[in-house]
Amino acid sequence: MTSVEEPSRADGRGRDAARTRAEILDVATQEFARAGYDGARVDEIAARTRTTKRMIYYYFGGKEQLFTAVLERAYGALREAEGRLDVSHLDPVAGIRRLAGLVFDHHEQHPDYLRLLSGDNGQAAEHIAAVGALGAIGSPALGALRRVLAAGQESGVFRTDVDAADVHAVISSFCFFRGVNGRTFGALFGRDLVDPARRAHYRTMLGDMVVAYLTAGRSAA
C-alpha cells in the first residue's frame, strides 16, 4: 500500500510545484510589464500569489533570475507558435503572409510581451542576452522563414539578396511599433494604429509591405 501511495504524493507535490511556479510567472509577467525591471517588487509579486517571497527565491533564485524566466517564457510562446505553423502547402507569397499574420496576431494578443521586451531593451537587452536557451528558441522562427524564403527564391518570385533575419526584422518592427507606440502615433498624427476598426487594414498592410520588399525588382505578386 505504501509503495502505491508514495508516488501519488510525489506526483501531487510535482503538480503543486508546477502550478505554483506557473502562478508566480503569470503574476511576475504582469508586474514586470507594468513597472519594468527596476520598478517591479518581489514583495508585490508574492502578495498577489499564494506563496511567499522566500518561496519565489526558492524557485527562481532572485529577482533577476525571475525576470529572465519571465522573458524566456514570453519569448518562447511566440517561437513555439511559429514553429508549429505549417506553411509547406502554401505558395511562397501566401506563406510569408501567413507568417507575418501570426506575428501580428501574437503581438496584439500579448501586450505584456511587448512591454517586457521594451523594458529589457532599455536595459541594453542584458537579461535576454543572459538566457542561453533563446538561441534555440529563435531557431524555429527563422527556420520557417528560411524555408519559405528559399522556396520563393528558387522559383524566382523573391529577390535573392535578403535572408530570414532581414524578413523577421521587417515583420517584428512593424508589429512592435504598432503595439508599443500605436497610441502615441495616434496622438501625434491623428491615426490610431490599434483602432479595432482598422485592424484588418494594418494586418493586410504588413503582408503587403513584406511581399513588396521581397518581390522588389521581380514580377508583381
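The values are calculated or read from the model by the stated rules, or taken from the named source; none is laboratory data. The shown structure was predicted, so the numbers you read here are calculated from the model rather than taken from an experiment. Cβ atoms come from the backbone with ideal geometry, glycine included; neighbour counts cover every protein chain shown.
Considering only residues that are over 28 Å from Tyr202 (Cβ atoms) and part of a helix (DSSP H, G or I), look in the stretch 101-133 and name the one that is modelled with the lowest pLDDT. Write out each step before concluding.
Filtering the stretch 101-133 for residues over 28 Å from Tyr202 (Cβ atoms) gives 123-124, 126-127, 129-133.
Right, trim to part of a helix (DSSP H, G or I) and you get 126-127, 129-130.
Values: Glu126: 59, His127: 55, Ala129: 59, Ala130: 58.
Restricting to residues being over 28 Å from Tyr202 (Cβ atoms) and part of a helix (DSSP H, G or I), the top hit is His127.
Restricting attention to the stretch 20-58, which residues are more than 23 Å from the chain's Cα centre (by Cα) and of a type in the set (Phe, Trp, Tyr)?
Matches in the stretch 20-58: Tyr57, Tyr58.
Conditions: (1) over 18 Å from His110 (Cβ atoms); (2) β-branched (Val, Ile, Thr); (3) touching a residue at least 24 places away in the same chain (Cβ under 8 Å). Thr29 meets all but one. Number of the miss?
Of the numbered conditions (1) over 18 Å from His110 (Cβ atoms); (2) β-branched (Val, Ile, Thr); (3) touching a residue at least 24 places away in the same chain (Cβ under 8 Å), the odd one out for Thr29 is (1).
Could you please let me know if Ala74 is under 19 Å from Asp16 (Cβ atoms) and small (Gly, Ala, Ser)?
The answer is no for Ala74.
Only one of these conditions is not met by Thr184: (1) at pLDDT below 95; (2) closer than 23 Å to Glu82 by Cα. Which number is it?
(2)
Which condition number in (1) among the hydrophobic types (A, V, I, L, M, F, W, C); (2) closer than 17 Å to Ala77 by Cβ; (3) surrounded by 13 or more Cβ atoms within 10 Å (Cβ to Cβ); (4) modelled with pLDDT under 90 is the one that Ile171 fails?
Of everything listed in (1) among the hydrophobic types (A, V, I, L, M, F, W, C); (2) closer than 17 Å to Ala77 by Cβ; (3) surrounded by 13 or more Cβ atoms within 10 Å (Cβ to Cβ); (4) modelled with pLDDT under 90, Ile171 misses just condition (4).
Being more than 25 Å from the chain's Cα centre (by Cα) and in contact (Cβ under 8 Å) with a residue 12 or more places away in the chain narrows it down to one residue among Phe158, Phe174; which is it?
Values: Phe174 fails: more than 25 Å from the chain's Cα centre (by Cα).
After ruling out the rest, the residue left standing is Phe158.
Mind checking which residues of the stretch 48-88 are aliphatic (A, V, I, L, M) and closer than 21 Å to Arg115 by Cβ? Before you say what the answer is, go through the steps one by one.
Pass one, the stretch 48-88, residues aliphatic (A, V, I, L, M): 55-56, 66, 69-71, 74, 77-78, 81, 85, 87.
Passing the criteria: Ile56, Leu66, Ala69, Val70, Leu71, Ala74, Ala77, Leu78, Ala81.
Within the stretch 32-54, work out how many residues are modelled with pLDDT of 90 or more and of a type in the set (Lys, Arg).
Of the residues in the stretch 32-54, 4 are modelled with pLDDT of 90 or more and of a type in the set (Lys, Arg).
Which condition does Asp86 not pass, out of (1) under 26 Å from Glu108 (Cα atoms); (2) over 13 Å from the mean Cα position of the chain (by Cα); (3) assigned to a helix (DSSP H, G or I), if it passes all the others?
In the conditions (1) under 26 Å from Glu108 (Cα atoms); (2) over 13 Å from the mean Cα position of the chain (by Cα); (3) assigned to a helix (DSSP H, G or I), Asp86 misses (3) alone.
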